[in-house]
Amino acid sequence: MTFSELAASRYSVRKYQDRPVESEKLSVILEAARVAPTAHNNQPQRIFAAVSPASREKLATVCKCTFGAPVILVVCYDSEEAWHNKLMPGYQSGETDAAICCTHMMLQAWDLGIASCWVGMFNSDQVKDVLGLPENLTVSALLPLGYAAEDAGPIAMHDASRDISELSSIL
Ligand SMILES: Cc1cc2nc3c(=O)[nH]c(=O)nc-3n(C[C@H](O)[C@H](O)[C@H](O)COP(=O)(O)O)c2cc1C
């Protein structure tokens, strides 16, 4: 599969098989976040893989979008470690760095036949609270991962892409 085919074929999966994700595949997915670019190479990302039923059940109490997936990646960053842009007081790169890591993992997973869905609908403090994560971290995204259910498929929103002329311009 070329990169173009990979990116075009990916869609958000919201129904998973019970089949676990092999630990070797999980390691490859986590490696994709390790090699992702971060501002000033500060690497403020911290990723927690909720694999045990106990940790996934805890997450399900504070997020409706875990979809019963066998793995839920909790993608966090440390805003103190993130790059602070002196030219834009108040800006730090944590959200951006975490989003790049999440994208790398989502696409690496798809390349391995593992589906995912980027989830933003949660409260960072509640997620940290139920999992006992360090206070200094902010949760940027949850990424449920697993093998797509036989009857999974893209929802209508997936195909509602705007025309390229609306989204990008050559100057
Ligand atoms: C930042 C972000 C937050 C999202 N949050 C959620 C979410 O909380 N729940 C959900 O079901 N999907 C969520 N999505 C998935 C989007 O709805 C989905 O990517 C979009 O509709 C396009 O569909 P596709 O991924 O199938 O191409 C999120 C995606 C992004 C990028």
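Read the figures in this text as sums done on the coordinates, not as results from a lab. As the structure is a computational prediction, the values presented were derived from the model and not from experiment. Using ideal geometry, Cβ is built from the backbone for each residue, glycine included, and neighbour counts are taken over all protein chains shown.
Note on the chain: Cα-only Rg and Dmax are 16.7, 52 Å. For region 145-155, backbone phi angles converted through the Karplus equation (6.51, -1.76, 1.60; θ = phi - 60°) give residue-by-residue couplings of 10, x, 7, 4, 4, 3, 9, 6, x, x, 7 Hz, Gly and Pro being listed as x. From the Kirkwood radius over Cα pairs of region 91-171, Stokes-Einstein at 25 °C and 0.890 mPa s returns a whole-number translational diffusion coefficient of 158 µm²/s.
Treating only the Cβ atoms of Lys and Arg (+1) and Asp and Glu (-1) as charged, compute the dipole magnitude of the chain about its Cα centre; round to the nearest 20 debye. Mind dumping the intermediate values first?
Values: 13 positive and 20 negative charges, 34 e Å.
For the chain, the charge dipole is close to 160 debye.
In region 59-119, if the dipole is taken from +1 on Lys/Arg beta carbons and -1 on Asp/Glu beta carbons about the Cα centre, which of 107, 59, 90 is farthest to the positive end? About the Cα centre, the residue reaching furthest to the positive side is 59.
With q set to 0.16, 0.18, 0.24 Å⁻¹, the log10 of I(q)/I(0) for region 83-132, from the Debye formula over equal scatterers at the Cα positions, is -0.70, -0.81, -0.96.
Take peptides 10-21, 68-79, 40-51, 145-156 and line them up by average Cβ neighbours within 10 Å, highest first, as a rough protection proxy. Present the calculation step by step, with values, prior to reporting the outcome.
On the way: 10-21: 16.9, 68-79: 22.8, 40-51: 18.5, 145-156: 14.8.
Ranked by mean Cβ neighbours within 10 Å, highest first: 68-79, 40-51, 10-21, 145-156.
Averaging the sequence gap over all C-alpha pairs within less than 8 Å and six or more residues apart, then dividing by the number of residues, gives region 1-107 a relative contact order of 36 percent.
By DSSP, what percent of the beta bridges with both residues in region 1-130 are antiparallel, rounded to the nearest 5?
Values: 7 of 8 bridges.
Roughly 90 percent of the beta bridges in region 1-130 run antiparallel, per DSSP.
As a calculated quantity, the FRET efficiency between residue 17 and residue 135 at R0 = 30 Å, using C-beta atoms, amounts to about 0.25. Computed from backbone phi with θ = phi - 60° and the Karplus coefficients 6.51, -1.76 and 1.60, the 3J(HN,Hα) list for region 80-88 is 6, 7, 5, 6, 9, 7, 5, 7, 9 Hz; x is used for glycine and proline. Each of residue 118 and residue 34 was given a label point 7 Å from its Cα along the Cα-to-Cβ line. The distance between the two points is 2.4 nm. Values of log10 I(q)/I(0) for region 27-82 across q = 0.13, 0.15 Å⁻¹ run -0.41, -0.53, by the Debye formula with one identical scatterer at each alpha carbon and no solvent.
Summarised as an ellipsoid, region 50-98 has semi-axes of 32, 10, 8 Å, derived from the eigenvalues of the Cα gyration tensor scaled by 5 and square-rooted, with the largest first.
Calculated mean residue ellipticity, 222 nm, the chain: -10000 deg cm²/dmol, from DSSP H runs (n ≥ 4) at -39500 (n - 2.57) each, averaged per residue and rounded to 500.
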